[in-house]
1. What size of dipole, in debye to the nearest 20, comes out for the chain about its Cα centre when the only charges are +1 on Lys and Arg C-beta atoms and -1 on Asp and Glu C-beta atoms?
2. Note down the nm distance, to one decimal, between modelled labels 7 Å out along Cα→Cβ at residue 19 and at residue 79.
3. Working from the pairwise distances between different alpha carbons, so that the mean of 1/r is found and then inverted, what is the chain's Kirkwood radius in Å?
4. Report, in deg cm²/dmol and to the nearest 500, the calculated mean residue ellipticity at 222 nm for the chain, where each DSSP H run with n ≥ 4 adds -39500 (n - 2.57) and the sum is divided by the residue count.
5. Given the peptides 61-68, 30-37, arrange them by the average over their residues of other C-beta atoms within 10 Å, most packed first.
Amino acid sequence: MIIRILIQVVVMCFIGWLLCDIEPYEKYSWYSGIWHGLFLPANFIRSLIFNDVLYQAARHTTAYSVFYWIFGVFSILSFVFGNGRKE
């Protein structure tokens, strides 16, 4: 069980690094807020391990923040509760 969770976290962090690496000096819009919110758990874990990784853009619009938190909450709930499969 714990091995499966660790593998899932490692794979999520790798995919987050490949698809959703946040640049510190780039300004992001609402569309990026959706994408970054979906990868919130992966980027947050990466930011705990590596100090230079951002889990939220430093420069962004207000719409970015709204969509980031909406999709971030859904992403965290999905990560915690999974797909509802019983073992």
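1. Numbers: 6 positive and 5 negative charges, 55 e Å.
My answer is approximately 260 debye.
2. According to this spin-label approximation, the distance is 1.4 nm.
3. Averaging 1/r across every pair of different Cα atoms and inverting gives 13.4 Å.
4. Calculated from helices alone, the mean residue ellipticity at 222 nm is -21000 deg cm²/dmol.
5. Most protected by this proxy first, the peptides run 30-37, 61-68.
None of the figures in this text is laboratory data; all of them are computed from the coordinates on show. Values in this document were obtained by computation on a predicted structure and should not be read as measured data. A quick note on method: Cβ atoms are made from the backbone with ideal geometry, for glycine too, and the neighbour counts reach across all protein chains shown.
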